[in-house]
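The values are calculated or read from the model by the stated rules, or taken from the named source; none is laboratory data. Note that the structure is predicted; figures quoted are calculated from it, not measured. Cβ placement follows ideal geometry from the backbone for every residue including glycine, while neighbour counts extend to all protein chains displayed.
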Amino acid sequence: MSLYRTIIPKYTFIPYDFPTSRDGKYHCLLDDGQILRSRREQLGLSVYQVAEMAGIQFSQYQRLESGERFFSGCSMKIGLSVCAVLLLDPFEFFDVNVKQPKPDIMMPHEVFDGLQDEMPRPKKVGRKSIRRDIMTVYFNHPSFSIIIPREVLVALGKPAYIQMMWNLNEKRLLLHVIDSDAEQAFDIPPHLSDSCTALAFPRATIFSELKEGLGWDTELYAAECRIVYDKTNELFILCDLNTAQKSEKIVGPFAIPTCIDDGMDDDEILDEDGEENEEL
């Protein structure tokens, strides 16, 4: 079963009816910005309310409604968020007309063979356990869903690309080295090894489901992770979110995979607050 099919929430969309003359014989022609304004006023929302509900900046929505910027020039996330808030079906709004293949032709694919049996627990010396193999990955940052410190990537062998796999039932995340041509690959920006403390991923829909299941609030959480191997001795990093504890603020700057289009520049480096660090 597809993760996205089960995780993406169901939204309500209402077809947009163009304003007509009183006799119903003529329809007003509106551009995208005028449609946004018309629907917003129908819903009794202010520009500020739409921006807040869509999770975007006021100026980002204002430029769309004023016609200063078009949907074709903004990120897919912004476009879909605005459409969802205004109950506009994005496929109808963007006039998408494509021919889809039949779902039954899809072939399943296996990513890896599964992990080996659980590694033995660290032995205790005195009153404390030796846990030199334990590392930390951070979750639920105000600007990012996942922050992977540089030391974790070093443990993976300083890869150029990684893959992330979720087990939502067990609340675990796997990190794995992967080739650049794989569709699930996230690139590691070159400047990470020189000037950044961690690799950061903007918020994703799949993480919202996990966060809800864990009962997390808005605090930053740190979860334990360690090296494991699959049945062919391929190396992975296993993050166990069941071990997550509230954490102090993690210090940046952070790097973001250049393959993620979130309205940021490809080589943008972010500080610990998710803001652009102009010094680097």
> Considering only strands (runs of 3 or more DSSP E) fully contained in region 195-272, which possess at least 1 residues that are at pLDDT 85 or above and farther than 21 Å from ASP133 by Cα?
Replying inline: 198-202
> Just to be sure, is LEU88 surrounded by 11 or more Cβ atoms within 10 Å (Cβ to Cβ), more than 27 Å from the chain's Cα centre (by Cα) and in a loop (DSSP other than H, G, I, E, B)?
Replying inline: no
> Do we have GLN42 as outside the structural domain of PHE144 (by TED's automatic domain parsing), in contact with a helix residue (DSSP H, G or I) (Cβ under 8 Å, 6 or more places away or on another chain) and surrounded by fewer than 14 Cβ atoms within 10 Å (Cβ to Cβ) here?
Replying inline: no
> Is it true that ASP113 is modelled with pLDDT under 80, in contact with a Lys or Arg (Cβ under 6 Å, 6 or more places away or on another chain) and either surrounded by 16 or more Cβ atoms within 10 Å (Cβ to Cβ) or of a type outside the set (S, T, N, Q) (or both)?
Replying inline: yes
>> Please verify whether LEU29 is loosely packed, with under 12 Cβ neighbours inside 10 Å and either over 30 Å from MET165 (Cα atoms) or modelled with pLDDT under 90 (or both), treating the condition exactly as stated.
In response: yes
> For region 16-33, how many residues are in contact with a Leu (Cβ under 9 Å, 6 or more places away or on another chain) and part of a loop (DSSP other than H, G, I, E, B)?
Replying inline: 3
